[in-house]
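Take a look at the structure set out below.
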Number of protein chains: 2
Amino acid sequence: MSAQAPHNTLLIPGPIEFDDAVLQSMSHYAESHVAPGFVKTFGETLTLTRKLFQSTSPTAQPFIIAGSGTLGWDLVASNLIERGENALVLNTGYFGDSFGQCLETYGANVTHFTTPIGERASLEEVEQALKQKPYKLITLTHVDTSTGVLSDVKGVAQLVRRVSPETLVIVDGVCSVGSEEIAFDEWDLDAVVTASQKAIGCPPGLSIVMTSGRAIQVSKTRKTPATSYYASIANWLPIMVNYENHKPSYFATPPTQLVHALHTTLTQITADVPGRFAQHTQVSDKVKAAVAELGLKQIASQPEAQAHGMTAMYLPEGLTPPDVLPGLLKRGVIFAAGLHKAIATKYIRFGHMGVSVTDPKRNDVDHALAALKEALAEAKQAKGL
Amino acid sequence: MSAQAPHNTLLIPGPIEFDDAVLQSMSHYAESHVAPGFVKTFGETLTLTRKLFQSTSPTAQPFIIAGSGTLGWDLVASNLIERGENALVLNTGYFGDSFGQCLETYGANVTHFTTPIGERASLEEVEQALKQKPYKLITLTHVDTSTGVLSDVKGVAQLVRRVSPETLVIVDGVCSVGSEEIAFDEWDLDAVVTASQKAIGCPPGLSIVMTSGRAIQVSKTRKTPATSYYASIANWLPIMVNYENHKPSYFATPPTQLVHALHTTLTQITADVPGRFAQHTQVSDKVKAAVAELGLKQIASQPEAQAHGMTAMYLPEGLTPPDVLPGLLKRGVIFAAGLHKAIATKYIRFGHMGVSVTDPKRNDVDHALAALKEALAEAKQAKGL
């Protein structure tokens, strides 16, 4: 932590704590976005993004664009589906609702498959739902940041290829890429939408979208023109291809400093992608065991549907987030309050991603678990529970 | 320059050189986007944005969103005009063409008023054009980065209010905000679209849009829903209002580090907004005089239509940018090649904005002018001219 000013440890489900080298990249001196130095950095960053997704397919295409993760939804909704076509949203919380709204903004006919809070649809249920209509695309939130529910991306993708092979498989990986296993080519996904500030460990401000050759082809063979300018695949595709070939190109100015930071963190991550997933699983198992020992129930009720980069836990009856979060803060730890409106006052969220997991010297997770235990005891005592 | 690694001086029309304090803000430690510290910083940054535009109107509304300047065009095109309505684009170069394409993407019926390269429409011509059709909005590029032509924003806005008072006046200020005078309320503008990386002096990655109460009202009383999700005024308006009132709010994660950097630079700029414009005018006059002395003609032919933050100059007959730019680079100075396709091989661009203008200790402009003189002489000699 030497290079950073003293601060409380940010353990929410994004943004997360940064590695010193990543933050140093943020203050890179001014560069032209079309000068050889930056063009090389951006090109390498695109190639590293392929490695992050364990993809070697020459037809797959990463996009890195100035924006929040949300912008990736617009890229999907304005390029990969046309007005009146059907979209099936496997809804596991807040972000399923919002992705659905985005798709509707661009004219898609959206069907939500909604499960009770904390659960995910079974493959049998998804199969039934897929058979109701011809769906242009299906979306699933890999990890819903509001609930910590993990979707079965591999299983759903296999199912789609079997029962509705033309349907595009779209994954919202904002809270999963970098902490949950994703094998983009092997699982035959069509788009994974993510952002820089969660398990990727870069400051917020980059929308990152990985697309398949099939998705690019769908965007090129639309019956009607794409319905966004800034989120247009046609506008960005030649830019991304040129930069990756180390040729300057212009559509809109890339966020040069953020691209440097992304390059730094992806260089670290891609040194051992499977090892990174294993580390996140190991630390998650430890957190889940400690939370159970404290007598707390997770929002995600099925063990196989629990995220590895965050834990959303119900507070003991009688306690709300404002009873517990200040006790954590007093101990230098920041967790997040609830986000899912139906249960927001009943739970808190602990993000365990990135350097807090991969750099054991920081001791962030053990410290947070100890702080949680003390803050809960203090809150219960204060309420006479 | 003490805090930055040694590097060539970036004097293109954006991105530009950064103040050390701005770059330091880029490596701010991790913060939650809804924690009190960041909420205060973002709220203050919105208020500083009003000052930058010399606006005190309570109905005017600034937006600061993760994205490139281009995203601001989508915000205008998807919220302030509806399918089939008319837009008049006063086209002074590359960026007029592109803004027109963006408006057409969202269904606007676009008329370009095009002038010869280096010129701008006279007010009489604009008046004639405005009388041909009922226009929902008119756009003008305050400074076209491709040509250095300065539009008469104040004059056009007055004219519109007189002859077509319902028409919204939309200014592309990507290459003007921070170096050219803009009095948002007094000139009665409806939207100014800009970005962080030019005369504002912040790294790229922020789309900044100032809107009038009239524009917000138009967005609220559309006959059809707005046609973007990420660029939707309705989605962002409550977020901006809440943050400025120091209340956390969520639609998409703001780019926390870039917002800190914007806060730092706007604090510097707004200490004396009129003084900043005067400084840019003074340095621009000096550059233009030196360029004339070198026998070079500007692309912007009329003196009143020449930008104060950049100078685009034709090279002597027989020279192209690759003959001159390496000679500048050898002397530690980076200028930009031509961008306007019709004349791209014939001219170069010199950006004089931000700290290179306001911090005389840097000596950037004098050094660049001396380097230009030497590089030109060298290039002429090499070509036997």
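The values are calculated or read from the model by the stated rules, or taken from the named source; none is laboratory data. Just so it is clear, the structure is predicted and the values come from calculations on it, not from any experiment. In this analysis, Cβ positions are derived from the backbone assuming ideal geometry, glycine residues included, and neighbour counts consider all displayed protein chains.
Report whether or not residue A:164 is within 14 Å of chain B (Cβ to nearest Cβ), at negative phi and in contact with a helix residue (DSSP H, G or I) (Cβ under 7 Å, 6 or more places away or on another chain).
No; evaluated as a whole, the condition is false for this residue.
Restricted to the range A:23-32, and to residues that are out of contact with any Asp or Glu (no Cβ under 6 Å at 6 or more places or on another chain) and either more than 9 Å from every other protein chain (Cβ to nearest Cβ) or assigned to a loop (DSSP other than H, G, I, E, B) (or both), which residue is surrounded by the fewest Cβ atoms within 10 Å (Cβ to Cβ)?
Just the residues of the range A:23-32 that are out of contact with any Asp or Glu (no Cβ under 6 Å at 6 or more places or on another chain), to begin with: A:23-29, A:31-32.
From what is left, the residues that are either more than 9 Å from every other protein chain (Cβ to nearest Cβ) or assigned to a loop (DSSP other than H, G, I, E, B) (or both) are A:27-29, A:31-32.
Working: A:27: 24, A:28: 26, A:29: 18, A:31: 23, A:32: 21.
Ranking the candidates gives A:29 first.
Considering only the range A:8-22, state which residues are more than 25 Å from residue B:19 (Cβ to Cβ), of a type in the set (Val, Ile, Thr) and outside any loop (DSSP other than H, G, I, E, B).
Correct list: A:9, A:16.
Give me the residue from the range A:120-137 that is crowded, with 20+ Cβ neighbours inside 10 Å and under 30 Å from residue A:350 (Cβ atoms) and, out of that set, farthest from the chain's Cα centre (by Cα).
So, considering only residues that are crowded, with 20+ Cβ neighbours inside 10 Å and under 30 Å from residue A:350 (Cβ atoms), the one farthest from the chain's Cα centre (by Cα) is A:126.
The conditions are (1) over 11 Å from the mean Cα position of the chain (by Cα); (2) in a loop (DSSP other than H, G, I, E, B); (3) closer than 23 Å to residue A:275 by Cα, and residue A:154 fails exactly one of them. Which is it?
(2)
In the list A:77, A:60, A:87, which residue meets the criterion of being under 22 Å from the mean Cα position of the chain (by Cα), touching a residue at least 24 places away in the same chain (Cβ under 8 Å), within 14 Å of another protein chain (Cβ to nearest Cβ) and closer than 19 Å to residue A:208 by Cβ?
A:77
Report whether or not residue B:297 is surrounded by fewer than 16 Cβ atoms within 10 Å (Cβ to Cβ), in contact with a strand residue (DSSP E or B) (Cβ under 8 Å, 6 or more places away or on another chain) and not β-branched (Val, Ile, Thr).
For residue B:297, the condition - surrounded by fewer than 16 Cβ atoms within 10 Å (Cβ to Cβ), in contact with a strand residue (DSSP E or B) (Cβ under 8 Å, 6 or more places away or on another chain) and not β-branched (Val, Ile, Thr) - is met.
Go through the range B:221-231 residue by residue and tally those that are farther than 11 Å from residue B:63 by Cα, crowded, with 20+ Cβ neighbours inside 10 Å and in contact (Cβ under 8 Å) with a residue 12 or more places away in the chain.
So in the range B:221-231, the residues farther than 11 Å from residue B:63 by Cα come out as B:221-230.
Those still in the list that are crowded, with 20+ Cβ neighbours inside 10 Å too: B:226-230.
After this cut, where a residue has to be in contact (Cβ under 8 Å) with a residue 12 or more places away in the chain as well, the list is B:226-228, B:230.
Qualifying residue count for the region: 4.
Scan the range A:165-203 for residues that are in a loop (DSSP other than H, G, I, E, B), in contact with a His (Cβ under 6 Å, 6 or more places away or on another chain) and over 13 Å from residue A:351 (Cβ atoms) and jot them down.
Answer for the range A:165-203, where residues must be in a loop (DSSP other than H, G, I, E, B), in contact with a His (Cβ under 6 Å, 6 or more places away or on another chain) and over 13 Å from residue A:351 (Cβ atoms): just A:173.
Which of the residues that make up the range A:10-21 are more than 9 Å from chain B (Cβ to nearest Cβ) and either touching a helix residue (DSSP H, G or I) at 6+ places or on another chain (Cβ under 6 Å) or of a type in the set (Lys, Arg) (or both)?
Hits for the range A:10-21 are A:11, A:19, A:21.
Kindly provide the set of residues from the range B:232-256 that are surrounded by 19 or more Cβ atoms within 10 Å (Cβ to Cβ) and hydroxyl-bearing (Ser, Thr, Tyr), ordered by number.
Residues satisfying the conditions are B:232, B:243, B:253, B:256.
Quick check on the range A:35-55. Is at least one of its residues among the charged types (D, E, K, R) and touching a His at 6+ places or on another chain (Cβ under 9 Å)?
Looking through the range A:35-55, at least one residue is among the charged types (D, E, K, R) and touching a His at 6+ places or on another chain (Cβ under 9 Å).
Being under 18 Å from residue B:205 (Cα atoms) and modelled with pLDDT of 95 or more is the filter; apply it to the range B:1-14 and report the residue that is surrounded by the fewest Cβ atoms within 10 Å (Cβ to Cβ). So that I can check it myself, show each step before the final result.
Just the residues of the range B:1-14 that are under 18 Å from residue B:205 (Cα atoms), to begin with: B:10, B:12-14.
If we keep only those that are modelled with pLDDT of 95 or more as well, we get B:10, B:12-13.
Values: B:10: 22, B:12: 24, B:13: 28.
The selected residue is B:10.
Counting just the residues of the range A:194-221 that are away from chain B (no Cβ under 13 Å) and not polar (S, T, N, Q), which one comes out nearest to residue A:24 (Cα to Cα)?
A:199
Of all residues in the range A:220-236, count the ones that are out of contact with any Lys or Arg (no Cβ under 9 Å at 6 or more places or on another chain) and within 22 Å of residue A:47 (Cβ to Cβ).
Of the residues in the range A:220-236, the ones out of contact with any Lys or Arg (no Cβ under 9 Å at 6 or more places or on another chain) are A:220-223, A:225-226, A:228-232, A:235-236.
After this cut, where a residue has to be within 22 Å of residue A:47 (Cβ to Cβ) as well, the list is A:235-236.
Within the range A:220-236, residues that are out of contact with any Lys or Arg (no Cβ under 9 Å at 6 or more places or on another chain) and within 22 Å of residue A:47 (Cβ to Cβ) number 2.
Per-residue answers, yes or no, for (1) facing chain A (nearest Cβ under 10 Å); (2) under 22 Å from the mean Cα position of the chain (by Cα):
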{"site": "B:226", "(1), (2)": "yes, no"}
{"site": "B:242", "(1), (2)": "no, no"}
{"site": "B:252", "(1), (2)": "yes, no"}
{"site": "B:264", "(1), (2)": "no, yes"}
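Only one of (1) surrounded by fewer than 23 Cβ atoms within 10 Å (Cβ to Cβ); (2) in a loop (DSSP other than H, G, I, E, B) fails for residue B:62. Which number is that?
(2)
Is there any pair with a first residue in the range A:328-342 that is within 12 Å of chain B (Cβ to nearest Cβ) and a second that is assigned to a loop (DSSP other than H, G, I, E, B) and at pLDDT below 95 whose Cβ atoms are under 6 Å apart and which are 6 or more apart or on different chains, and what are they?
These pairs meet every condition: A:339/A:146.
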